[in-house]
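Enquirer: This is the structure I have questions about; it appears just below.
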Amino acid sequence: MKFGQSYSKTFVHFWYITTKNNQMNGIEIFGYCASALVVLSMTMKDIWMLRFLNSIACGAFVVYGILIGSYPVVIMNAIVIGINVYKMYQDGKK
């Protein structure tokens with residue numbers, strides 16, 4: 001058996017064990033939507049729109065972090081929102 005095959009089988013087995021009998025809940029779906037917003041924001045050519053969409057995504061992650069009780073997620077995303085707002089304000093003054 002090749003290394004890649006054993007690794008992928010192990011990953012599939014791990015995934016099956018951790019998701020067996022578990023259904024995705026609303027909080028998890030919300031987290032995936034927040035992730036999709038981050039990815040979408042990274043596709044913007046206009047820096048102002050990138051920062052705007054990224055701030056919305058970070059706001060969603062703040063809510064997600066509160067819902068799952070992960071305060072590092074909340075703090076980091078709140079800081080990124082602050083940076084985005086400050087940079088958007090600076091760009092607006094030019």
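The values are calculated or read from the model by the stated rules, or taken from the named source; none is laboratory data. Values in this document were obtained by computation on a predicted structure and should not be read as measured data. So basically every Cβ, Gly included, is an ideal-geometry build from the backbone, and we count neighbours across all protein chains shown.
Enquirer: In the stretch 58-77, what count of residues is obtained for those that are among the hydrophobic types (A, V, I, L, M, F, W, C) and touching a Cys at 6+ places or on another chain (Cβ under 9 Å)?
Expert: 2
Enquirer: Considering each residue of the stretch 15-47, count those that are at pLDDT below 85 and over 17 Å from I68 (Cα atoms), and give that number.
Expert: 7
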